[in-house]
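Reading through the structure tokens given below for one structure.
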Amino acid sequence: MSLTVTLQHRFAGFDLDLAFQAPPGVTVLYGPSGSGKSTVLAAIAGLMRPDHARIAIDGTVLTDTTRGLSVPPHRRRLGVIFQDGRLFPHLSVRRNLRYGRWFAPLGSDAASEDAVVEMLGLGPLLDRAPANLSGGERQRVAIGRALLSSPRLILADEPLSALDGALKAEILPYLERLRDEWRVPILYVSHQPSEVTRLSTTIALMRNGRITRIGPAAEVMADPALAGAGRDAGAFIEARVRAHHPDGVTELDAGGLPLFLPTLAAAPGDRLRLRIAAPDVMLAAEAPGQISALNLLPGVVDGIRQDGHSVLVRLMTDAGPILSRITERSARALQVQPGARLVAIVKSFSHDAGDIGSAHR
Ligand SMILES: Nc1ncnc2c1ncn2[C@@H]1O[C@H](COP(=O)(O)OP(=O)(O)OP(=O)(O)O)[C@@H](O)[C@H]1O
């Protein structure tokens with residue numbers, strides 16, 4: 001299932017003009033405040049009338065302004081998840097979930113209520129009122145309601161931004177299961193690098209009403225030209241858990257390279273995504289003999305961006321591309337240039353629960 005969007009719209013002082021195709025999986029719309037992300041979602045949901053647009057999911061056209069066609073929002077079969085859950089306050093959790101069901105076409109292969117309740121752990125909450133739920137529980141109900149409407153596509157507008165770190169970590173695995181087990185395509189608005197790392201299959205970068213780049217998540221995140229400031233710059237790699245050692249270290253395999261992290265709650269064989277913030281990566285001309293950092297990744301420089309006196313270097317390793325931020329002085333001393341062979345020393349992987357997630361299956 002894939003979504004095709006061509007969209008042009010002009011607000012006073014703001015001009016949106018873009019076209020993209022979202023393949024299966026999670027497509028994250030990533031960009032600064034005011035770049036137009038919510039407007040794209042509103043147009044797809046049918047909540048605004050764009051000046052010119054064609055929006056289709058596979059063969060089903062939802063909007064085509066050249067033909068004056070606009071399917072009403074409640075007949076588009078889209079599941080929408082907002083920041084604040086937006087549950088009906090007067091309905092129990094069970095009735096909020098069943099409300100989603102109303103919009104599933106008769107005879108469709110809608111997800112069964114039992115399966116959704118089970119996946120999202122909603123059993124003990126079914127008779128509660130939304131006012132008596134935590135923020136994380138409310139978001140789980142909102143995800144369940146969206147799923148039960150048998151959506152062709154889920155639109156999620158910063159669904160975790162109102163939650164604190166612990167609640168975010170509670171919801172992220174459910175979104176991963178949605179992506180991996182239910183295989184509903186998801187268009188997801190976010191500006192959190194850790195969320196993007198965890199969830200994205202494809203990233204579409206937005207700026208000033210345009211999509212400036214769209215591509216596979218690992219490629220887009222590791223592009224020095226696009227990286228954000230400070231710890232927002234960072235690539236991710238995928239690795240498989242090899243073993244847990246008795247001295248508190250988990251060994252992973254990333255494209256044949258061994259990595260060692262403080263013990264992770266994952267089983268041998270599990271595939272994980274690890275985000276590596278660019279400031280946590282040092283570069284050396286050759287592998288140092290004795291060093292406390294356990295993770296050395298040799299590679300070849302294939303991208304450089306200079307920002308003032310700091311330099312962002314992309315190193316292609318067997319584990320995939322990673323980014324390192326070093327000083328201009330170090331870059332000169334190491335003669336960093338495209339084609340140079342260097343070794344990345346990863347001081348730490350982000351241990352935030354938010355930064356280590358399961359890889360796509
Ligand atoms: N109904 C409207 N009338 C006029 N201007 C609007 C309207 N809706 C949005 N805009 C403008 O369009 C631009 C894009 O807004 P939009 O909400 O899509 O951005 P965003 O990327 O989702 O931002 P944020 O991350 O802050 O939610 C902004 O400049 C906004 O002021």
| remark: Computed over the chain: longest principal axis from alpha-carbon atoms vs helix 93-102 long axis, angle to nearest 10 degrees, is 70 degrees
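So what's segment 3-221 giving for Cα Rg divided by 2.2 N^0.38 Å, two decimals? Could you put the intermediate results ahead of the total?
Numbers: Rg = 17.0 Å, N = 219, 2.2 N^0.38 = 17.1 Å.
Dividing the Cα radius of gyration by 2.2 N^0.38 Å gives 1.00.
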| task | Treating the angle as unsigned and between 0 and 90°, give the value, to the nearest 10°, between the Cα long axis of helix 135-148 and the longest Cα principal axis of the chain. | result | 60 degrees
| request: Could you work out the relative contact order of segment 231-358, using alpha carbon pairs under 8 angstrom and six or more residues apart, expressed as a whole percent? | output: 30 percent
| note | Fewest-first ordering of MET206, MET48 by Cβ atoms within 10 Å yields MET48, MET206
| field | Percent RCO, i.e. relative contact order, over the chain, from Cα pairs under 8 Å lying at least 6 residues apart | value | 16 percent
| message | Can you give me the C-alpha center-to-center distance between segment 108-161 and segment 189-232, rounded to a whole angstrom? | response | 27 Å
| query | Can you work out the FRET efficiency for the pair GLU286 and ARG210, with r the C-beta to C-beta distance and R0 = 30 Å, to the nearest 0.05? | reply | 0.10
| Which order, highest average first, do 147-154, 66-73 follow once you tally other Cβ atoms within 10 Å for each residue and take the mean per peptide? | 147-154, 66-73
| Quotient of C-alpha Rg and 2.2 N^0.38 Å, computed over segment 231-358 | 1.04
| query | Anyone know which of ALA129, ALA169, ALA115 comes out most mobile in the 10 Å Cα GNM of the chain? | reply | ALA115
| message | Can you compute the helix-only [θ] at 222 nm over the chain? Use -39500 (n - 2.57) per DSSP H run of at least 4 residues, normalise by all residues, nearest 500 deg cm²/dmol. | response | -5500 deg cm²/dmol
| note | The local net charge around MET48, scoring Lys/Arg +1 and Asp/Glu -1 for residues other than MET48 whose Cβ lies under 14 Å from its Cβ, equals +2
| Out of ALA146, LEU175, LEU133, whose Cα points farthest toward the positive end of the dipole of segment 124-181 (charges: +1 Lys, Arg; -1 Asp, Glu; placed on Cβ)? | ALA146
| request: Estimate the FRET efficiency between ASP307 and MET1 by the formula 1/(1 + (r/R0)^6), using the beta-carbon distance for r and 45 Å for R0, to the nearest 0.05. | output: 0.70
| task | Determine the dipole magnitude for the chain: charges of +1 sit on the beta-carbon of Lys and Arg, -1 on that of Asp and Glu, nothing else is charged, the reference point is the Cα centre, and the result goes in debye to the nearest 20. | result | 940 debye
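Read-outs throughout are calculated quantities, based only on the coordinates presented, and are distinct from any laboratory measurement. Keep in mind it's a predicted model, so treat the numbers as computed, not measured. All Cβ positions, even for glycine, are placed from backbone atoms using ideal geometry, and neighbour counts span all protein chains on display.
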